[in-house]
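Presented below is the structure to which this report refers.
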Amino acid sequence: KSSLLSQHDKMSAQMLASNVAAQAAAGARFGNNASRVSARKAISRAPLGDRRIQAAPRSAFSVSAGSEKKTIKTAIVTGASSGLGLYTAKALIDRGDYHVIMACRSVTKAEEKASELGFDKSSYTVMELELGDLASVRNFVKKFRSSKVAKNFQALICNAAIYYPNAVTPTFTKDGFEETVGVTHLGHFLLANLLLNDLANAPDLGIDKRLCIVGSVTANTNTVAGQVPPRANLGNMSGLGAGLSGDTNKNAMIDGDRFIGPKAYKDAKLCNILTVKEMHSRYHEETGITFSSMYPGCIADTPLFRNHTPVFRFLFPLLQKYVTKGYVSMSEAGGRLASVVCNPTYTESGAYWAWKGGGDQLWDNYWDNDNREEAFNNKTSKEGGDMLKAKEMFDMSVTAVKLKPNEIGPKAGTKIPSLSIPNLFGGN
């Protein structure tokens, strides 16, 4: 009996020590915002001599929730009616501890796909979101906030994108922005900023809150794919400053130059990467939110290529499967993206995650292709790591989407308490 009591006392002492360590680590690292930071993240950042205490490592690709009691967390996935977004939603739903908001342009299509893949109806909610219409973005945020699942908001995945690889004439969003950048960057930029405060103030459910914006190998000029012309380059961002409302020859592109469809996509993806870098710089310390970008690998048969030529859609998957070895299925890519927001491994904020097998480097695809589960923080291009440009792009985007001062930052929307001012002049 005394032995059992001794074991119980030891376990109690260990649990108490863990809680104290977590609180102390959170206080030391995050100050007054410690209450927003998960115990796991606090402990993982706590210094111990010349090393850090680390939570037990898990496979970077594993998205299983295990057999323990599950607390249902809420994740928003944009573009979840097809391709990467759909299979990311599936990977999160299959865990059993996430309720996924499928944020899509077509509610009907999303419902059909969810039914086809056998999603449990209690595990997802479809909400309309048209990223090419800023009013729709605001309406989505309002509707989400009024939903029952908003209280357990833990992850925002900005995945949706459009790509016009053969376009030589720009098309425009409802707000007058060139459509590729308007949807892929500006729509997500508004969404992420509007939901930042909601994410920061959500309860701690055992893992740090995550905000991930999907990047692309084509935005990084330090890769073979990124060197394929036309290359991503934001230039002086005169087009963004002019509202991306120009024509074929001027100001429809971010750099203000003539319109080139595939470059518009690459530039938008570069903005996605820079947005993550800048949000990390501005808000991570204060909120504890983990901001990240990632490249899931080459999904050569993705619906993103639906506007490409039939010949390209036939040959490109074969090239990626048998020549470059860079091919990744939609299911594998969806598992990778889901893991970035739910796996305890990914607590490094500001990271750009990539994989060696089925990744962005030809050498790794050939010689390390079996290594498909271990992600690493990849190096971005020089422009992708330019923090002065990131800040300028962020501020210009704030102006473009008309974010109000009280909508910017983690304290956005915080009500200022009214002050009781004494009547210095007598009377009632």
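The values are calculated or read from the model by the stated rules, or taken from the named source; none is laboratory data. Keep in mind the model is a prediction, meaning the values are calculated, not measured. Because the Cβ atoms are built from the backbone with ideal geometry, glycine has one as well, and the counts that use them run over all protein chains shown. Side chains are part of the model used for accessible areas, which takes the heavy atoms of the whole protein and leaves out ligands, DNA and RNA. Shrake-Rupley method; radii C 1.70, N 1.55, O 1.52, S 1.80 Å.
Within segment 246-270, the set of residues being open to solvent by 40 Å² or more (accessible area, probe 1.4 Å) and either hydroxyl-bearing (Ser, Thr, Tyr) or in contact with a Pro (Cβ under 6 Å, 6 or more places away or on another chain) (or both) comprises Thr248, Ile260. Cβ-Cβ contacts under 7 Å between residues 6 or more apart (or on different chains), taken from a first residue in segment 92-110 that is over 18 Å from Leu195 (Cβ atoms) and of a type in the set (A, V, I, L, M, F, W, C) to a second residue that is modelled with pLDDT of 95 or more and open to solvent by less than 10 Å² (accessible area, probe 1.4 Å), are listed as Ile93/Val100; Ala110/Ala80; Ala110/Met102; Ala110/Cys104. Among the residues of segment 149-161, at least one is touching a helix residue (DSSP H, G or I) at 6+ places or on another chain (Cβ under 9 Å), within 17 Å of Lys209 (Cβ to Cβ) and in a helix (DSSP H, G or I). Residues in segment 317-331 that are part of a helix (DSSP H, G or I) and either touching a residue at least 60 places away in the same chain (Cβ under 8 Å) or open to solvent by 40 Å² or more (accessible area, probe 1.4 Å) (or both): Leu318, Leu319, Lys321, Tyr322, Val323, Met330, Ser331.
Only one of the numbered conditions (1) of a type in the set (D, E, K, R); (2) in contact with a helix residue (DSSP H, G or I) (Cβ under 9 Å, 6 or more places away or on another chain); (3) touching a residue at least 12 places away in the same chain (Cβ under 8 Å) is not met by Lys250, and that is (3). Candidates are the residues of segment 195-220 that are assigned to a helix (DSSP H, G or I) and open to solvent by less than 20 Å² (accessible area, probe 1.4 Å); the one that is farthest from Ala338 (Cα to Cα) is Ala219. Has segment 108-115 got at least one residue that is in contact with a strand residue (DSSP E or B) (Cβ under 7 Å, 6 or more places away or on another chain), open to solvent by 20 Å² or more (accessible area, probe 1.4 Å) and β-branched (Val, Ile, Thr)? No - not one qualifying residue is present in segment 108-115. Looking across segment 157-176, the residues that are touching a Phe, Trp or Tyr at 6+ places or on another chain (Cβ under 9 Å), buried (at least 21 other Cβ atoms within 10 Å of the Cβ) and not hydrophobic (A, V, I, L, M, F, W, C) come down to Tyr163, Pro170.
For segment 292-313, the set of residues classified as part of a helix (DSSP H, G or I), touching a helix residue (DSSP H, G or I) at 6+ places or on another chain (Cβ under 9 Å) and surrounded by fewer than 19 Cβ atoms within 10 Å (Cβ to Cβ) consists of Pro303, Phe305, Arg306, Asn307, Phe312, Arg313, listed by residue number. With respect to the conditions (1) at pLDDT below 95; (2) of a type outside the set (S, T, N, Q); (3) touching a helix residue (DSSP H, G or I) at 6+ places or on another chain (Cβ under 7 Å); (4) open to solvent by 40 Å² or more (accessible area, probe 1.4 Å), Lys379 falls short on a single one, namely (3).
All of (1) out of contact with any His (no Cβ under 6 Å at 6 or more places or on another chain); (2) surrounded by 15 or more Cβ atoms within 10 Å (Cβ to Cβ) hold for Ser146 with one exception: (2).
Looking across segment 178-194, just one residue is open to solvent by 10 Å² or more (accessible area, probe 1.4 Å) and touching a helix residue (DSSP H, G or I) at 6+ places or on another chain (Cβ under 6 Å), and that is Leu194.
Number of residues in segment 233-291 that are over 15 Å from Tyr164 (Cβ atoms) and part of a helix (DSSP H, G or I) equals 22.
In segment 165-183 there is at least one residue matching the filter, namely being out of contact with any Ser or Thr (no Cβ under 7 Å at 6 or more places or on another chain) and assigned to a helix (DSSP H, G or I). Of the set (1) open to solvent by 10 Å² or more (accessible area, probe 1.4 Å); (2) modelled with pLDDT under 95, all apply to Arg138 but (2). Against the test of being under 20 Å from Ile299 (Cβ atoms), at pLDDT below 95 and surrounded by 15 or more Cβ atoms within 10 Å (Cβ to Cβ), the options Val77, Val37, Val63 yield a single qualifying residue, Val63. Considering segment 221-245 alone, what residues qualify as being open to solvent by 10 Å² or more (accessible area, probe 1.4 Å) and either of a type in the set (D, E, K, R) or touching a residue at least 24 places away in the same chain (Cβ under 8 Å) (or both)? Of everything in segment 221-245, those that are open to solvent by 10 Å² or more (accessible area, probe 1.4 Å) and either of a type in the set (D, E, K, R) or touching a residue at least 24 places away in the same chain (Cβ under 8 Å) (or both) turn out to be Thr221, Asn222, Val224, Ala225, Pro230, Arg231, Asn233, Gly241, Gly243, Ser245.
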